[in-house]
Every structure is written in C-alpha cells, then in structure tokens.
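Peer 1: Right, I'll just put the structure down here and ask away after.
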Amino acid sequence: MAHSSTGSLEPSSTACPWWATEEIRGQAQEEEEEAEAENPAGGQGNELVNALDSTHASITRGLEYTVRQVDAFFANERVFEEATDSYLQMEGSAVWRKREGTQFSGDIKARAELPRLERKWALLFESDGETTSGEDREPLQRRPKEVVEQNDYFLSVQRRLNGDSEWDIRPSAGIKVKYPPDPFARLRLYRYFKLGTWLGRASGDTSWFVSDGFGSGVQWDMDRALGRTMLFRATTSFGWQEKNDYYKGQQKLTLFHDLSDHDAFAYEAGMVATNEQSWAATEYFVRADYRRELNRRWLYLDITPEVSFPRSRGFREERSLTVTLGVIFGREYLRRSEGR
C-alpha cells in the first residue's frame, strides 16, 4: 500500500484519504475549483455539496490506487492481465507436504508489445492460461498442488479493444505449446465498479480449444481499505468446461496487511465446490502468504504455509509449506509497485 506517498494531510477544504497520492489530491482540488467556477455565487449549500462530491471522488480514486498497488506488490495475475506494456516473470518454488515430501517446480510468463504496432497489440506467453476451471487467476501464490503440477504453456497474440466502453475487452488467439499444437481462441473482459467505499471488479473469460471445446469463467471481487495498512477482498468465482460438463465454484476472503515498504502479509480463507459432489464443498483451506522484497521491487521471496481440509480425505487436515523465489522485469510493473 502507499506508505511512501501518504504523509500528513494538508489543511484543505478538499478532504482526501490517507492513501491518496499527490496526483489524486491535485485532481480533487481541480474538481473543486471547477465546481466553484460553475457556481460563482457560492453559498454554503453549494460549497457543502461540492466538498462532498470532491471527497467522494478522491476516496474512490484513492481506493482504486491502493488496490492496484497491492496487486502490483504481490505480483497478482490481475496486474499483468491489465498491463499495456512488456513484462517477464520467472519463479522457482519448493513445496513441502507431509505425504509427498518436498517437490520443486518453476514457472515463467511474459508479455511483449509487438514492434511497429500500437500498444494495443501484444504477444503473450502464459502458464496455466485457462481460467475456465472456476479458479481465479492467482490472487496470491498458487496453491501447493497447483505449483507442483506440470504447467501448460500458451502462446498467443492479444488485441486490446476499449474505445468509449468502460469494459476492457481483450480477444486473443494462439496455441497451447505441445505436440501437436492445440489452437485456441479466447475473449477476456474486465471492468471496475465504484460502490461508495468499496471497489468492485468484474472479469470474464470465454475460450475455445480444438481439443477440449468451449469453457468460460466469471469472477467478482469486492475490495475495501481498512485503516492505513490493510485491504480486505472478497472473491467469488465460477467456471464451466464443455469437456466432461464440469462446473466449479470458489469463494475466498483475503486480508492484505502492509508491514512496511518491503514486507507484507496476505491472510486467506476459502472453500471450493464442484458439480461432481452435487455442489457440496469439496475442500476448505486457510493460508498466509508472507512476501519480502529483496531488491528494488523486482526480486522477491514468498513463504506460504497452508492448511487444507479436502473431502477426499474425510476433511482431515493437510499441511503444506511453499517457498518461492521470483524475479519480475517490466516498466509498468515497476511503476505500479514503486507507488507503495
């Protein structure tokens, strides 16, 4: 969150939240001045209305800014989905589980602007790019069982279509990297909704693979800042796959806790349900993700203990510990994360 940009609030008729940047405060001041210009007669009634409008706008922008910085700090998939610049992320993980022992895995994903074309075109190289399972796209480090699974990789060309719409629309086409290649087409949609002191984010994903047919997934996030160092997020996701007529839903609650400019915790609890068990819960889990930036925002260490209760084991607890070392390159990512 925005430690480096908070500071004490200057006495002003435009009240701004603690997380507001100088840019946000400046925008709020400009809005207030414009409102005063439109109502030269003034009056206490107009001044009060203008002050409330400016405060609401400032809080809304400040909340959105905070959410984006939290996502950037934890290198969330969200920040990369919405990127308009090039980036490269590489991770190496060690996962310890009592029954399986210690396992190791690596991951890589990249986005590159296509040369000589507008910024709206990009070349993507993604791991586990399907969102049709109903899992949200890695709000924290992946679950232990996902880390050690063999990754699928996807190479595609993506186009960003915005226009005057409030939706961020991104169609893409490419191949799953295997032999023989598996062509696919995908459409992703994102939009933010400002709901008072809450910020909502709706996202959707529809895809078609030659091998597996159609699939789709939707997700809804609700974010709210809690004091100066915490952000609460509620996430609901649901997905369907044509192959095997498979449905999956997931509900998660996450609390991001900012310890310093270089340390943060994320505490998470959730449940998973599928149509295979008549929509009864198939797993409950609780986890904590500690992230430490090791060098200038781009080198980080994650330590993630987790306790899960899968139905397959009679809801008996399973403990795991994941340690991940990661590196990120990307101008836009660095710009966002440096806003903390």
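The values are calculated or read from the model by the stated rules, or taken from the named source; none is laboratory data. Being a predicted model, the structure only gives us computed values, none of them experimental. Glycine also receives a Cβ, built like all others from the backbone with ideal geometry; neighbour counts cover every protein chain displayed. Side chains included, ligands, DNA and RNA excluded: accessible areas come from the protein's heavy atoms. Shrake-Rupley method; radii C 1.70, N 1.55, O 1.52, S 1.80 Å.
Peer 1: Determine the relative contact order of region 194-250: mean sequence separation of Cα pairs under 8 Å and six or more apart, normalised by residue count, in whole percent. If you can, show how the numbers build up before the last one.
Peer 2: Details: 101 pairs, mean separation 16.4, N = 57.
This gives 29 percent for region 194-250.
Peer 1: Express in Å², to the nearest 10, the accessible area of Tyr190 obtained by rolling a 1.4 Å probe over the protein heavy atoms while all chains stay in place.
Peer 2: Only protein atoms counted, so the area is about 10 Å².
Peer 1: How large is the accessible surface of Glu276 in square angstrom, using a 1.4 angstrom probe and rounding to the nearest 10?
Peer 2: 130
Peer 1: Could you please put His262, His257 in sequence from largest to smallest accessible area, using a 1.4 Å probe? Each step should come with its number before you reach the end.
Peer 2: Numbers: His262 80, His257 45 Å².
Ranked from most to least accessible, the order is His262, His257.
Peer 1: Where a Cα-Cα gap under 20 Å defines reach, which lysines qualify for Lys243, not counting those fewer than 8 residues away within the same chain?
Peer 2: Lys176, Lys178
Peer 1: What FRET efficiency comes out for the pair Tyr153/Met230, r = Cβ-Cβ distance, R0 = 35 Å, nearest 0.05?
Peer 2: After rounding to 0.05, the efficiency reads 0.45.
Peer 1: So, taking all protein chains as they sit and a 1.4 Å probe, how much accessible area belongs to Glu166, in Å² rounded to tens?
Peer 2: 130
Peer 1: Setting aside same-chain residues fewer than 8 positions from Lys248, which lysines have a Cα under 17 Å from its Cα?
Peer 2: Answer for Lys248, where 17 Å is the Cα cut-off: Lys145, listed by chain and number.
Peer 1: Just report the Cα centroid separation between region 259-307 and region 185-248, whole Å.
Peer 2: So the separation of the two Cα centres works out to 17 Å.
Peer 1: Largest first, what is the accessible-area ranking of Leu259, Leu114 with a 1.4 Å probe?
Peer 2: Of Leu259, Leu114, the descending order of accessible area is Leu259, Leu114.
Peer 1: Let me ask something additional. With a point put 7 Å past each Cα toward its Cβ, work out how far Met90 is from His262 in nm, to one decimal.
Peer 2: 2.3
Peer 1: Taking Lys194 as the anchor, which lysines have their alpha carbon closer than 27 Å to its alpha carbon, excluding any fewer than eight residues away along the same chain?
Peer 2: Answer for Lys194, where 27 Å is the Cα cut-off: Lys120, Lys252, listed by chain and number.
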